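Just so it is clear, none of the values below were taken in a lab; they were calculated from the coordinates. Remember, predicted model here, so these are calculated numbers, not experimental data. Cβ: placed from backbone, ideal geometry, glycine included. Neighbour counts: every protein chain shown.
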Number of protein chains: 2
Amino acid sequence: MGRVVGVGAEVVTFREGDHAGVGCMVDSCGECENCLADREQNCLNGTTFTYNSPDKVSGGVTYGGYSKRIVVKEDFALRIPPGVDLPGFAPLLCAGITTFSPINHRDLKPGERFGVIGMGGLGHMAVKLAAAKGAEVVVFTTSEGKIADAGAFGTAEAYLWSDEAAMARNRASFDLMVSTVPVACPMQLFLNLLKLDKTLVNVGALFPIEGAQGMLMGFGRQSLAGSMIGGIAESRAVIDFAAHHGIAATYELITPDQISAACEKVVNKEARYRYVIDMTRA
Amino acid sequence: MGRVVGVGAEVVTFREGDHAGVGCMVDSCGECENCLADREQNCLNGTTFTYNSPDKVSGGVTYGGYSKRIVVKEDFALRIPPGVDLPGFAPLLCAGITTFSPINHRDLKPGERFGVIGMGGLGHMAVKLAAAKGAEVVVFTTSEGKIADAGAFGTAEAYLWSDEAAMARNRASFDLMVSTVPVACPMQLFLNLLKLDKTLVNVGALFPIEGAQGMLMGFGRQSLAGSMIGGIAESRAVIDFAAHHGIAATYELITPDQISAACEKVVNKEARYRYVIDMTRA
């Protein structure tokens, strides 16, 4: 997220001085059926991600936003409205699009019940975005201190997973859920909260998904789905949606020398709710 | 599966002497949204299953097909066409409907690629039903001896899961898969074979589902779904479909005193492919 300092001769959507953002990917083939369907994140020939991805143009790997400057194809740069708070908008291109994509793809409707499992960097964006869509948002957290924040972000209800009575009351009541918990968590506990034929989308756990039980999933024909960031068109949509609704991340701006301390706070569940690194102070 | 020996005064769809079948359930509330949507297997007030289910009418538990006679509500008895082979049709009401339901619900189309994981009692019915739908059926088995049978049942291809080259060639090629393996199996191995946005339906493993990986599921936005038998209308549909296409289970008829030996063969993967118990010889 920053200011355009130069454009190529054929660039038409940016001029020097514009605000621009680059999300989690910087390139894709542009020709496979997924790229043609605005799903560059699922490029069949391999998306080039912004961080630590083999760079098909320059060789080596990509270094992402941990840089003072980035050179990127026009199609992978996103226009950022001039009046918004840049650090608050930066997480839209990662946590925002990651949670907006399932909401959008699965067509969450006003009044539907939407569950958010885990309320950290991703989860708090899920809450704000779904609440702005008019959904009835319910948070499930392990941090008692986040319950009050959840209300401020727009949830109707927030519970500790350990609250067995609340979990029982919420059974078979959700139209859509997202799990933003970054490690394996007890999925069946949340699958049980879905209405019949509904889906829990995992955007948090990157490695094993644990706890799903065949018979219980069969009783309600529920699904557990994967999802990963979102396409470029969807990324433009989340920026427009957030600007329109006045949504931004709740963040703390840090300098690069504070990264390690911030990382530790993330691990200790003390982050509230996203760290944004000010690279102008590198 | 048997012959009607008596009907109540208000029964209109059966007469003494008709062939009738009873599937995995004998009652449901008939009033909840799922019952009204022909999904009695997901009755929100609790389906009464045919075996070992609390019996809301008589008290105690249900004893299912291990009986010489069964008394059942008209709505839960299924008409069986007079000319079919009864033992070959009996498994349609369990293995048949269980595999037909996801094929039907997810609208498998002619020419689509359909994967069947595990080819036992359920899997061999999935193959026959999907092949009759015109799908391109591919089996994944652990039993080398089943590969030739798979061809006879209508598959286009059949592989051992352990064949890494075959698994790699089949990557991202399936429109729908069902896993009929009755225990946890390496789900991600098969999720990787789905095209983008497609679903693997688990109808086999009743307890833990293992091996799914969040990031890999995210790369292709695949889903893993539960399913359990099917509703009464769908059960009627599978009987009609099988009669029309001349499909029946491949079975061995046994007497009740052979049940324990048959059970052992199931465990040892020697069943080919379904045991049907002749209760007239009890």
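So the values come out like this:
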| item | result |
| --- | --- |
| Highest-fluctuation residue, A:Met125, A:Met228, A:Met215 considered, GNM on chain A with Cα pairs under 10 Å | A:Met215 |
| Gyration tensor (alpha-carbon) shape descriptor, chain A, a/c threshold 1.5 | prolate |
| Shielding of A:179-188 by partner chains, average beta-carbon count, 10 Å | 1 |
| Shielding by other protein chains, B:220-233, mean Cβ within 10 Å | 6 |
| Within the protein assembly as shown: Cβ-based charge dipole about Cα centre, in debye rounded to nearest 20 (Lys, Arg +1; Asp, Glu -1) | 80 debye |
| Shielding of A:199-211 by partner chains, average beta-carbon count, 10 Å | 4 |
| Span from the segment B:1-72 Cα centroid across to the segment A:1-32 one, whole angstrom | 64 Å |
| Inter-centroid distance (Cα atoms) of segment A:144-210 relative to segment B:204-265, Å | 29 Å |
| Packing-based order for B:4-15, B:237-248, A:109-120, using average beta carbon neighbours within 10 Å, highest first | A:109-120, B:237-248, B:4-15 |
| Top of B:Asn202, B:Asn52, B:Asn34 by mean-square fluctuation, Gaussian network on chain B, Cα under 10 Å | B:Asn52 |
| Gaussian network model of chain A, Cα within-10 Å springs - most flexible of A:Ala130, A:Ala172, A:Ala95 | A:Ala172 |
| Electrostatic dipole magnitude of chain A [Cβ: Lys, Arg +1; Asp, Glu -1; Cα centre; debye, to 20] | 320 debye |
| Residues A:Gln258 and B:Tyr63, FRET efficiency given R0 of 45 Å [Cβ-Cβ distance, rounded to 0.05] | 0.10 |
| For segment B:101-226, size of Cβ-based charge dipole, Lys and Arg +1, Asp and Glu -1, in debye | 300 debye |
| Segment A:2-80: C-alpha gyration tensor shape, a/c 1.5 cut-off, then a/b vs b/c | oblate |
| Principal axis dimensions, largest first and in whole angstrom, of the protein assembly as shown by Cα | 87, 50, 37 |
